[in-house]
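Participant: Pasting a structure here, questions to come.
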Amino acid sequence: MNKKAVAAKNDLRLRENFIRDSEQTILRIASRACNKFITRSDDEWSVALYAFNKAIDSYSEDAGDFLPYSSVVIKRALIDYYRSESRHANEMPVSDEMLTGEGDYSSNSEVLGALYRDSSEVSEKTDRTADLRSEILDVNERLKKYGFTFRDLKDTSPKAGKTKTACARAISFILDNDETLENVIEYCRLPIKEITDKTGVNKKILDRYRRYIIMAVIILNGEYPLLADYLQYVRKEGSG
């Protein structure tokens, strides 16, 4: 998505195609920001679409991944929209805390610190937490296809630095190779031999942390900007 966003900046045809292909993503971001279901017939859709277009104009790869970047731009635009509409002054459920990253979850460097809680425990008072809860529930449903849930990951997440780096290399390899990614996403398989042969990651590590690797691939390949924040180490350590 990052490369498509950069290419779309100076090419009208690519921009139109990119925006059209991203419509469901824009709607999802807007719905989460507004805490209600948004359709193309809503005013919020126009606001979100305009903001997404502005995000393309201002984006550079130095800003990180385009998806979380555009999410922030869209959410800020919706906040401004609601603030300008006095009749909606008390309806906007998004706080500035969610946008700045300040709050209980921002200080937690481990994704599983957020993931182990069940839905009742995750439902805190901040709007950022509501978004996070939505992402967790969505990913949890996808993990069920693989025969496990977030709860099953509690004792199978990498702790040691070398182990985390090895897992990051495996995850990055999967994300960067379409055929391998298809095996994981579409066919629910982790091709351990291929990953070992191509990355040198020990087979025992892949076997032990299979579930964690699958979870990270689903999050980083999907539309889960808040959960992806907890996995930023993957790209840094995986490219090393």
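Participant: Around K203, with a cut-off of 13 angstrom between Cβ atoms, what is the net charge of the other residues, counting Lys and Arg +1 and Asp and Glu -1?
Facilitator: Taking every other residue near K203 into account, the sum is +2.
Participant: Now for a separate question. Quick one: Cα convex hull volume of segment 155-240, Å³ per residue?
Facilitator: So the per-residue hull volume is 90 Å³.
Participant: Arrange the peptides 159-170, 5-16, 62-73, 206-217 so that the one whose residues have, on average, the most other Cβ atoms within 10 Å appears first.
Facilitator: Listed from highest to lowest mean packing, they are 206-217, 62-73, 159-170, 5-16.
None of the figures in this text is laboratory data; all of them are computed from the coordinates on show. Keep in mind that what you see is a predicted model, and the values were worked out from it rather than measured. So basically every Cβ, Gly included, is an ideal-geometry build from the backbone, and we count neighbours across all protein chains shown.
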